[in-house]
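Enquirer: Just dropping this structure here.
No lab work stands behind these numbers, since they all come straight from the coordinates. Not measured: the values here are computed from a predicted model. We place every Cβ from the backbone using ideal geometry, glycine too, and count neighbours over all the protein chains shown.
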Amino acid sequence: MSHEHRGSSVATYTLIALILGVITYLEFSVVEHDIPWLSNGETIAALIIMSLIKFALVVAFFMHLKDDERTYTGFFSTGMIFALATFIALGLLFTFRGVSSAWARAYSGTGVVAASEGAPGEEHEASGIPEEVKALITSDGYSRQLSEVLDTPRPKNQSLTSPPPAAELASGFTLKPAPPLFTSATPASTTPTPSEPASGATQTPEPSTTETPAVPAAVEWDQALGEQTFANCVGCHQATGKGIPGAFPPLAEHLPKLYNADGGRSYLIKVLLYGLQGKITVSGQDFNGAMPSWQNLGDEQIAAVMNHELTSWGNDGLVDSFTPYQAEEVSAQRDQGLTPAQVLELRGSLELP
Amino acid sequence: MSQAALEHQPYRSTKLPDIKLMMWIFLASDCMFFGSLIGTYLVYKGRSLVGPTPLEILNIPLTTISSFVLLMSSFLMVLALHALRLDNIPQFRLWTFGVAFFGSIFLGFQIFEFTHFVLEGLTLQQNLFGTTFFVLTGTHGIHVTVGVLWLSSILIASFVRPMSSKDAVYLEVAGLYWHFVDIVWIVIFTVVYLVEFV
């Protein structure tokens with residue numbers, strides 16, 4: 001370690017530089033010209049290996065880690081390991097959420113996609129997911145692999161993200177008294193066995209029970225699931241429901257206006273299912289952005305999050321006769337193939353105050 | 001350890017020059033920083049609702065050239081350090097200037113690319129691709145800018161105050177930073193640009 005010019009000579013450096021240059025050219029060639037005997041997966045693997053070789057050469061020879069004190073290598077490797085762990089955790093975090101809800105959607109929306117009809121491969125077809133949604137779901141490598149792994153059917157309406165029993169208990173604790181009036185959105189009551197009160201209530205969502213408007217309505221849905229699902233929205237619309245001026249529109253005080261309008265109740269579901277894009281004006285302020293489609297959330301989740309938003313930030317005082325959304329209502333709005341721009345048109349047709 | 005460096009630096013229990021150890025620790029932390037940014041880019045990859053998409057807008061030949069320029073600047077960096085260790089000051093100045101110059105060319109490419117993208121409608125707020133792409137490559141661009149400024153200041157300092165092989169550790173530390181910026185780009189070039197076109 002004590003010699004003056006440790007490790008490498010100019011000749012070594014030049015050789016390394018040459019190799020780096022050649023690898024860069026190879027990378028370019030592999031991408032620019034389709035190599036017939038390499039599949040896409042193999043090409044990606046080749047690209048990753050080539051970049052790792054470049055990475056290693058620079059670190060070992062140009063940064064002299066090959067001949068330098070081990071302490072430096074130790075510190076740097078620790079950083080790399082942390083970075084890699086973060087990288088993997090981030091990927092898994094997002095993938096599992098996306099896949100699980102996309103999966104729940106595939107098996108929940110259309111009730112009886114009996115395993116007996118058609119080959120397993122056709123099940124997605126039968127569940128009626130539009131092509132573009134499938135493309136969206138499988139558009140990144142992670143999801144594609146995982147959705148192939150997770151092809152075991154799960155019971156209807158039971159997503160991986162449904163709240164744990166403890167949360168159910170907590171949310172149901174204060175509101176147990178009147179279960180038969182409405183369908184509760186807890187997984188227990190939406191199991192495939194169609195109980196009479198449940199199917200009866202879904203066909204008549206009329207606001208006939210207006211004697212006590214806000215109180216019973218506000219409690220008849222899965223609040224824990226609603227709050228949990230709102231985690232998807234909070235980044236843009238904020239925990240205060242006020243959005244970000246100039247960037248993301250507020251939900252507070254705005255949703256009730258949409259809800260109260262003629263057709264507004266189903267419009268809100270469509271915004272979540274199909275997204276919304278283009279210029280809108282909310283309380284005199286213009287927003288020109290895009291709301292993504294949340295089609296890959298489950299029906300339960302969409303219903304719950306809508307109920308959560310319509311009963312938060314003082315919104316519950318502004319809606320006329322609020323009836324909680326039901327999963328079936330959400331499911332009925334699916335598969336219309338609307339574009340975010342069409343949803344914007346729909347918004348224009350609402351008569352807003 | 002180079003003798004020169006040790007003469008110049010106060011000893012610690014690590015028996016390593018503080019400045020160099022600090023740089024490696026900083027680089028380790030920067031790994032995590034870029035790891036998160038690249039992870040974020042990948043997580044949101046293919047989830048943009050509106051264009052422009054990466055396939056429509058990224059330019060592989062152009063980026064290959066700028067990647068090559070950055071790689072070669074790393075080569076000049078080791079030459080500069082080698083020259084300074086041999087007390088060959090004219091060569092040290094030449095190669096250091098070369099590094100800063102090549103770094104500036106890389107930045108020029110990036111400025112061209114960003115301007116082109118914005119004119120095509122890809123802004124920070126346009127879609128998820130715009131957001132994650134500009135934050136990732138922009139952060140890298142800032143690193144390159146800092147590196148260019150750092151090396152330029154060393155070059156200028158060498159005219160103000162004579163430099164010798166005893167000062168090599170200062171150039172070495174700047175070099176470590178520069179090579180790190182280079183390896184981050186090696187990863188970005190593959191993950192953001194090349195893989196998209198397979």
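Enquirer: If you fit an axis through the alpha-carbon atoms of helix B:128-160 and take the longest principal axis of the Cα set of chain B, what angle between them do you get, 0 to 90°, nearest 10?
Expert: It is inclined by approximately 20 degrees.
Enquirer: Taking the Cβ of B:L84 as the center, what net charge do the other residues with Cβ under 10 Å away carry, scoring Lys and Arg +1 and Asp and Glu -1?
Expert: On the way: positive: B:R85, B:R93, B:K166; negative: B:D87, B:D167, B:E172.
Around B:L84, the charge tally is 0.
Enquirer: If r is the Cβ-Cβ distance from B:R161 to A:F82 and R0 is 30 Å, what FRET efficiency results, to the nearest 0.05? Write out the running numbers ahead of the final one.
Expert: Working: r = 39 Å, r/R0 = 1.29.
After rounding, the FRET efficiency stands at 0.20.
Enquirer: Further question on the same structure: Measuring from a point 7 Å past the Cα of A:T14 along Cα-to-C-beta, which residues in segment B:42-84 have an amide N at less than 14 Å?
Expert: Counting only backbone N, you get B:76, B:79.
Enquirer: Now for a different question. Once you put a point 7 Å from the Cα of A:T73 and another 7 Å from the Cα of B:I142, both along the Cβ direction, what distance in nm separates them?
Expert: Each label point is offset 7 Å from its Cα along the Cβ direction, giving 3.3 nm.
Enquirer: Right, something else. Once you place label points 7 Å from the Cα toward the Cβ at B:F26 and B:L94, how far apart are they in nm?
Expert: About 2.9 nm separates the two model spin labels.
Enquirer: Quick one: if the Förster radius is 45 Å, what FRET efficiency do B:D18 and B:I60 give, using the C-beta to C-beta distance and rounding to 0.05? All intermediate terms of the calculation are to be shown ahead of the outcome.
Expert: Numbers: r = 42 Å, r/R0 = 0.94.
Efficiency, rounded to the nearest 0.05: 0.60.
Enquirer: In degrees from 0 to 90, rounded to the nearest 10, what is the angle of the helix B:18-43 Cα long axis to the longest principal axis of chain B?
Expert: It is inclined by approximately 10 degrees.
Enquirer: Cα centroids of segment B:74-104 and segment A:5-77: how far apart, whole angstrom?
Expert: Each part reduced to its Cα centre gives a spacing of 21 Å.
Enquirer: Less than 11 Å Cβ to Cβ from B:T132, Lys/Arg counted +1 and Asp/Glu -1: what total charge do the surrounding residues give?
Expert: Working: positive: B:K45, B:R47; negative: none.
Local charge sum for B:T132: +2.
Enquirer: What is the angle, in °, between the Cα long axis of helix B:60-85 and the longest principal axis of the Cα atoms in chain B? Nearest 10 is fine, range 0 to 90.
Expert: Tilt relative to chain B: about 10 degrees.
Enquirer: Normalising by the residue count of segment B:1-144, find the relative contact order in percent from Cα pairs under 8 Å and 6+ residues apart.
Expert: Working: 98 pairs, mean separation 41.2, N = 144.
This gives 29 percent for segment B:1-144.
Enquirer: Note down the Stokes-Einstein diffusion coefficient of chain B in µm²/s, whole number, using a Kirkwood radius over alpha carbon pairs, 10 °C, and 1.306 mPa s.
Expert: The estimated diffusion coefficient comes to 87 µm²/s.
Enquirer: Please give the calculated 222 nm ellipticity per residue for chain B, where each DSSP H segment of at least 4 residues contributes -39500 (n - 2.57) and the sum is spread over every residue; nearest 500 deg cm²/dmol? All intermediate terms of the calculation are to be shown ahead of the outcome.
Expert: On the way: 7 runs with 147 residues, N = 198.
Helix-only estimate at 222 nm: -25500 deg cm²/dmol.
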